[in-house]
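The next block holds one structure in the form of structure tokens; read it before the comments.
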Amino acid sequence: MPHYVNPWIVRCFLGIFACVIVCSGQLAAQQAKINLASGFDFPVGIPNADGYYKARGLRLRAPQHFGEDWNGRGGGDTDLGDPVYAVADGIVTFAYNVRTGWGNVVLTRHAYRDPQSGVVKYCDTLNGHLDRIMVRVGQQIKRGQQIGTIGSNSGMYPAHLHFEIRHNIHIGMQRNSVPATFEHWADPTKFINQYRRLNREWRPVLVPIGTYQPYVGFKGL
Ligand SMILES: [Zn+2]
């Protein structure tokens with residue numbers, strides 16, 4: 001009896017094989033290659049926030065404020081339209097006008113090697129109430145690159161930058177999805193001062209993307 005393999009079975013196996021390759025490719029697509037941060041700067045008056053002051057700090061207990069408010073020393077709306085900069089190399093994960101109390105928001109993701117543990121860690125920075133957005137989702141950004149301008153959320157507030165740093169890269173615009181603890185949030189000024197200068201590393205690293213929980217109308221990375 002001749003050794004015979006049903007061609008349909010062969011095709012079926014080939015089909016499954018192709019599917020596995022395509023599916024694993026899609027999983028791999030949920031990462032982006034970015035430069036490790038060579039350090040973190042303040043988002044205004046770079047690198048040291050010269051000409052600006054912190055009008056409100058982080059507060060995780062009620063009444064909560066999940067980041068810092070940065071204002072120009074000139075007061076009032078004198079800082080309206082001033083540049084807002086990327087605090088470190090990274091990738092833009094969200095850049096939209098979400099209206100409500102937020103207005104224009106830019107979220108960026110960064111990778112940095114913690115000098116103490118040697119481990120590569122990730123963080124997100126959020127810039128809120130921007131007058132203008134100057135980057136788009138998926139764009140690689142450099143430390144010190146302008147990403148937008150200080151705004152007032154269309155007159156809702158005196159112009160200022162609302163700035164957050166999150167250790168948790170799954171929050172996105174859903175702040176209530178995690179407990180308000182230092183496991184998930186960083187004190188921006190403390191974080192920036194701690195990681196001001198990091199060793200330059202030339203080999204890029206993979207960061208997870210697509211980590212925000214999608215919701216109706218969500219358009220981020
Ligand atoms: Zn604020």
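Just so it is clear, none of the values below were taken in a lab; they were calculated from the coordinates. Since we're looking at a predicted model, the values are computed, not measured. Cβ sites come from the backbone with ideal geometry, for glycine too, and all protein chains shown count toward neighbours.
Looking at (1) surrounded by fewer than 14 Cβ atoms within 10 Å (Cβ to Cβ); (2) farther than 21 Å from Asp41 by Cα; (3) of a type in the set (Phe, Trp, Tyr), which one does Trp102 not meet, given that it meets all the others?
So the condition that Trp102 fails would be (1).
Does the range 135-153 hold any residues that are more than 21 Å from Gly210 (Cα to Cα) and of a type in the set (A, V, I, L, M, F, W, C), and which are they?
Across the range 135-153, the qualifying residue is only Ile150.
Listed here are the residues, each with its yes/no results for (1) closer than 23 Å to Asn199 by Cα; (2) basic (Lys, Arg); (3) within 16 Å of the ligand (Cβ to nearest atom); (4) surrounded by fewer than 16 Cβ atoms within 10 Å (Cβ to Cβ).
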| position | (1), (2), (3), (4) |
| --- | --- |
| Gly39 | yes, no, no, no |
| Asn48 | yes, no, no, yes |
| Tyr53 | no, no, yes, yes |
| Arg59 | no, yes, yes, yes |
| Gly76 | no, no, no, yes |
| Gly81 | no, no, no, yes |
| Val92 | yes, no, no, no |
| Gln116 | yes, no, no, yes |
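Is one or more of the residues making up the range 165-173 assigned to a strand (DSSP E or B), under 12 Å from the mean Cα position of the chain (by Cα) and within 15 Å of the ligand (Cβ to nearest atom)?
Residues of the range 165-173 that are assigned to a strand (DSSP E or B), as a first pass: 165-166.
Going one step further and asking which of them are under 12 Å from the mean Cα position of the chain (by Cα), we end up with 165-166.
Subset that is within 15 Å of the ligand (Cβ to nearest atom): 165-166.
Yes, there is a match, as at least one residue in the range 165-173 is assigned to a strand (DSSP E or B), under 12 Å from the mean Cα position of the chain (by Cα) and within 15 Å of the ligand (Cβ to nearest atom).
Cβ-Cβ below 7 Å, separation at least six or inter-chain, first residue in the range 58-70 and under 20 Å from Asn127 (Cβ atoms), second of a type in the set (Val, Ile, Thr) and not in a loop (DSSP other than H, G, I, E, B): which pairs?
Glu68/Thr189
Out of all the residues in the range 120-141, is one or more over 24 Å from Asn199 (Cα atoms), assigned to a strand (DSSP E or B), away from the ligand (no atom under 16 Å from the Cβ) and among the polar types (S, T, N, Q)?
No, there is no match, as no residue in the range 120-141 is over 24 Å from Asn199 (Cα atoms), assigned to a strand (DSSP E or B), away from the ligand (no atom under 16 Å from the Cβ) and among the polar types (S, T, N, Q).
Can you pull out the residues in the range 113-156 that are over 16 Å from Tyr96 (Cα atoms), touching a residue at least 12 places away in the same chain (Cβ under 8 Å) and among the hydroxyl-bearing types (Ser, Thr, Tyr)?
Once the filter is applied, which keeps residues that are over 16 Å from Tyr96 (Cα atoms), touching a residue at least 12 places away in the same chain (Cβ under 8 Å) and among the hydroxyl-bearing types (Ser, Thr, Tyr), the range 113-156 yields only Tyr122.
Considering the range 71-102 alone, what residues qualify as being assigned to a strand (DSSP E or B) and under 15 Å from the mean Cα position of the chain (by Cα)?
Result: Val84, Tyr85, Gly90, Ile91, Val92, Thr93, Phe94, Ala95, Tyr96.
Which one of the conditions (1) in a loop (DSSP other than H, G, I, E, B); (2) within 16 Å of the ligand (Cβ to nearest atom); (3) within 24 Å of Pro47 (Cα to Cα) does Leu107 fail to meet, given that it meets all the rest?
(1)
Looking at the range 145-164, which of its residues are more than 15 Å from the ligand (Cβ to nearest atom) and either outside any loop (DSSP other than H, G, I, E, B) or under 11 Å from Gly90 (Cα atoms) (or both)?
Gln145, Gln146, Ile147, Gly148, Thr149
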